[in-house]
Amino acid sequence: MAGETNDRLDELLREQIAYYRARAGEYDEWFLRTGRYDHGEEQNRRWFAEVAEVTAALDAFRPAGRVLELAAGTGLWTERLAWHADHITALDASAETLAINRARLNRSGARSDTVPGSAVVYEQADIFAWRPRERYDMVFFSFWLSHVPRERFAAFWQTVRTALADGGRVFFIDSLYTDASTARDHQLAGPEAASLRRHLNDGREYRIVKVFYRSDELSERLAALGWRADVRATASFFLYGEAVPSA
């Protein structure tokens, strides 16, 4: 029975990777609130105000030194990290999103000699199978934790712990449960659902893992695994926080 459950979960995670590979070219529509993700002027204004709140928190955290970014995606946050870090390893299962990430950083000049910037190394890998070969001063991931199945939560955080150097820190960003965050033609399946169906602009449909957390719930789960975490939430859209291994 356990083997069958793992097989089904592996199949779901493969489909999730396929979805984000296929979605690479339209992913930024979600963050930029365009197309199907445009919820009107007032909702969009609130969204970008909360983006600014989270961005300010990340800047205050000062993600310096050697940074590992998990599920780096199209580079929306890699670009921000590059203003602080000395070196970034940007990891993602999708070659398509990493190509967009690389082009974004080259285009923005985030790695030029004229602005503060970082050396960025790109690595394509399935995060659930990947094992760190070096240690980092900081691990960062955005809108990824909600795609980690509850059954693999502890194993994922063990990978993060293994990747951290002594004194290393973690910063993460994710989504709160709200229909106003997703596409107008998507529906959430309830806060306790473990997966969702998502479709692309061309109508192709995929299943993905989607686990939503409250700030207190996530703090408690991390404490049980030996982490000291400060988890916060914006008014409507985002969950974010920092964590360090307990002494």
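Nothing in this text is a laboratory measurement; each read-out follows from the coordinates by a stated rule. None of these values were measured; they are calculated from a predicted model. Reconstructed Cβ throughout: ideal geometry from the backbone, glycine too, with neighbour counts over all protein chains shown.
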* Charges only on Cβ, +1 for Lys and Arg, -1 for Asp and Glu: so what's the dipole of segment 1-73 about the Cα centre, in debye to the nearest 20? -> 220 debye
* Fraction of beta bridges assigned by DSSP in the chain that are antiparallel (%, nearest 5) -> 45 percent
* Structure fact -> Here FRET efficiency (C-beta to C-beta, Gln43 to Arg131, R₀ 51 Å, nearest 0.05) is 0.80
* Shape call for segment 133-247 from the C-alpha gyration tensor, a ≥ b ≥ c root eigenvalues: rounded (a/c under 1.5), prolate (a/b greater than b/c) or oblate? -> prolate
* Asked: Between Ser108 and Ala155, what length in nm is gained on full extension when 0.36 nm per residue of separation is reduced by their alpha carbon distance?
  -> 13.4 nm
* Structure fact -> So, over other residues within a Cβ distance under 13 Å of Phe238, counting Lys, Arg +1 and Asp, Glu -1, the net charge is 0
* To do: Extending each Cα 7 Å along its Cβ direction at His199 and Ala99, get the distance between those two points in nm, one decimal.
  => 2.6 nm
* When the chain is fully extended, how far beyond the present Cα-Cα distance does Arg214 get from Val244, taking 0.36 nm per residue of separation? -> 8.9 nm
